[in-house]
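Written out below as structure tokens is the structure these notes cover.
The values are calculated or read from the model by the stated rules, or taken from the named source; none is laboratory data. Quick caveat, the model's predicted, so the values are computed rather than measured. With ideal geometry, Cβ positions are generated from the backbone for all residues, glycine too; neighbour counts draw on all protein chains shown.
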Amino acid sequence: MAEAKVFDVKGNSKESRPLDGPLFNSDVKEHLLHEYVVGYRRNLRQGTASTKTRAMVRGGGKRPWRQKGTGRARAGTNTSPIWEGGGVAFGPHPREYYRPVPKKFKKVAIRSAFSNAANQGNIRVVDLPELTEIKTKPMADFMKSHDVYQKRVLLLFEGKTEHLARSCRNIKGLAVKRSVLVNPFDLIWAEHVLITPDALQKIEEVFGQ
């Protein structure tokens, strides 16, 4: 059975907490995680890249010069793709890249991602410092106490934390999310996953069924 180390606010280790259930003890399906990441990154694409074809650029109409007698190649229009300022041949146009991810697919993927993180010992249960104002230093000190400062860290929380997200946004490599919004890509990206006790309970309720 997988376990997670439990730490207090100052980064002192208290005990280990068992991570039971299929969420943390499933087989890691790497091929499925790969498919999920490809689909997730595809769905992030905006699809707004656009170029003008020869019919869209300004110009055309009269021939640039007569057909014969100039010594130059024949030219019928100055909007040709081979001309500077002409249209673009086979360029990108706005399109929709999004494809919905099946719920069962995502369920298996997130179990594989959590199980992979648990197997590697990357999951920690932590108590967060109390933030009375929006300030980066307390969270930076918190990260340093866990020896994960400026590493790729995913911090999952639950409940009302008014200043947490804005206090963390200037710390390089730190991603902060509510527990129910986590996805397999976040877990694969992170070198360390820090979870508050309330968030861990919520994760087991939502994703462990």
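Please work out if VAL125 is closer than 19 Å to ASN183 by Cα, aliphatic (A, V, I, L, M) and surrounded by 13 or more Cβ atoms within 10 Å (Cβ to Cβ).
Working: closer than 19 Å to ASN183 by Cα: yes; aliphatic (A, V, I, L, M): yes; surrounded by 13 or more Cβ atoms within 10 Å (Cβ to Cβ): yes.
Judged against the criteria, VAL125 is a match.
In the set (1) of a type in the set (A, V, I, L, M); (2) over 27 Å from ASP20 (Cβ atoms); (3) modelled with pLDDT of 95 or more, LEU164 fails one condition alone, (3).
Matching residues to (1) charged (D, E, K, R); (2) in the same structural domain as LYS10 (by TED's automatic domain parsing); (3) in a loop (DSSP other than H, G, I, E, B); (4) under 17 Å from ARG54 (Cβ atoms):
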site	(1), (2), (3), (4)
THR70	no, no, yes, no
GLY76	no, no, yes, yes
GLU84	yes, no, yes, yes
ASN116	no, yes, no, no
ALA140	no, yes, no, no
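Residue count for the stretch 161-192 satisfying the condition of being in contact (Cβ under 8 Å) with a residue 12 or more places away in the chain and either in a helix (DSSP H, G or I) or touching a Lys or Arg at 6+ places or on another chain (Cβ under 7 Å) (or both): 16. Scanning the stretch 193-208 for residues that are part of a loop (DSSP other than H, G, I, E, B) and buried (at least 18 other Cβ atoms within 10 Å of the Cβ) returns a single hit, THR196.
In summary, HIS31 fulfils each of the numbered conditions (1) surrounded by fewer than 16 Cβ atoms within 10 Å (Cβ to Cβ); (2) outside any loop (DSSP other than H, G, I, E, B); (3) touching a helix residue (DSSP H, G or I) at 6+ places or on another chain (Cβ under 9 Å) with the single exception of condition (3). For the stretch 1-28, the tally of residues that are in contact with a Ser or Thr (Cβ under 9 Å, 6 or more places away or on another chain), among the charged types (D, E, K, R) and in a strand (DSSP E or B) stands at 2. Note on the stretch 84-120: among residues that are free of Cβ contacts under 8 Å to residues at least 12 places away in the same chain and either of a type outside the set (A, V, I, L, M, F, W, C) or touching a Leu at 6+ places or on another chain (Cβ under 9 Å) (or both), the one that is farthest from VAL38 (Cα to Cα) is GLU84.
Taking the conditions (1) modelled with pLDDT of 95 or more; (2) outside any helix (DSSP H, G or I) in turn, ALA109 satisfies each one other than (2).
Is it fair to say LYS144 is in the same structural domain as ASN12 (by TED's automatic domain parsing) and surrounded by fewer than 17 Cβ atoms within 10 Å (Cβ to Cβ)? Yes; evaluated as a whole, the condition is true for this residue.
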